[in-house]
1. Identify, among Phe111, Val143, Asn189, the residue whose Cα sits farthest towards the positive end of the charge dipole of the chain, taking +1 on the Cβ of Lys and Arg and -1 on the Cβ of Asp and Glu, with the dipole about the Cα centre.
2. Taking the radius of gyration and the Kirkwood hydrodynamic radius from Cα positions alone, what is the Rg/Rh ratio for the chain, to two decimal places?
3. Calculate the dipole size of the range 1-118 relative to its Cα centre from +1 charges on Lys and Arg beta carbons and -1 charges on Asp and Glu beta carbons; express the result in debye to the nearest 20.
4. How large is the convex hull of the Cα atoms of the range 21-86 per residue, expressed in Å³ as a whole number?
5. Can you give the charge dipole size of the range 21-86 about its Cα centre, rounded to the nearest 20 debye, using +1 on the beta carbon of Lys and Arg and -1 on the beta carbon of Asp and Glu?
6. Please identify the GluC sites (Glu not before Pro) of the range 112-206 that satisfy two criteria: DSSP loop assignment and at most 16 other Cβ atoms within 10 Å. Which are they?
7. Find me the longest stretch of the chain that has none of the exposed trypsin sites (Lys or Arg not before Pro), where exposed means in a DSSP loop (not H, G, I, E or B) with at most 14 other Cβ atoms within 10 Å.
8. With a cut-off of 8 Å between alpha carbons and a minimum separation of six or more residues, what is the relative contact order of the range 135-195 in percent?
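Read-outs: derived from the displayed coordinates by stated rules, not from any lab. No experiment lies behind these values; they were computed from the predicted model shown. FYI the Cβ positions are ideal-geometry reconstructions off the backbone, even for glycines, and counts take in every protein chain you see.
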Amino acid sequence: MAFEVPPLPYDYSALEPHIDEQTMRFHHDKHHQAYVDNANKALDGTEWADNPVESVLASLDAMPEGIRAAVRNNAGGHANHSLFWEIMSPDGGGEPSGDLGAAIEDTFDSFDELKKMVNDAGVGRFGSGWTWLIHDGTGLAVVSTPNQDSPLMNDDVPLLGIDVWEHAYYLKYQNRRPDYLEAWWNVVNWDAVAENYAAAVGKPAARAS
Ligand code: MN
């Protein structure tokens, strides 16, 4: 089945005041839809057309050069945004607890230090891209990726990712990417991130908060 934009799991205005309604409408309905449409167009008629996005991203090296960049950018955009909507919530914010909280303290010393590393990686990403908390198969790490590259392309599991393309924040924050990143943590959905973590380490999901 061709890719589809998943419905937003909350109202467009639900993340106000941190992320404004108009940004969410454009971001979800227009930008994500464009990634889906362009990925479907590139994959149409190929052997990968009906594959899950994770498997498509793992197959980039095998694809003909004529579609590889389009698939990388647009299937990457589809995977990244599908995760992004899920790891935000109007009931979000606070600090991680449970197994995820313990792993964050073990790896980064504190949640504040993790937040600083993720924000710094997002501010430091020149141009467009993402800043991530990933599980790399052995433990947690913070990375950033350019454009719509996904950690899945490096065999890493994305747990939390913040979109630092201007379309994610420009209407409300203009050029103030650091302010957007700081505000973003008020909507982080730790339950969803904990589920991603549990799946990455192969344990049943424990609610994080
Ligand atoms: Mn985006």
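1. Towards the positive end, the residue furthest out is Val143.
2. On the way: Rg = 16.6 Å, Rh = 17.4 Å.
In the chain, Rg relative to Rh is 0.95.
3. On the way: 7 positive and 22 negative charges, 115 e Å.
Dipole magnitude for the range 1-118 comes out near 560 debye.
4. Details: hull volume 5.0 nm³, N = 66.
Cα-based convex hull of the range 21-86, divided per residue, equals 75 Å³.
5. Numbers: 5 positive and 10 negative charges, 46 e Å.
Once rounded to the nearest 20, the dipole reads 220 debye.
6. On the way: sites: Glu113, Glu166, Glu182, Glu195; in loops: none.
Answer in residue order: no site qualifies.
7. Working: sites that count: Arg176, Arg207.
The segment 1-175 is the longest one with no such site.
8. Values: 26 pairs, mean separation 15.8, N = 61.
That works out to 26 percent.
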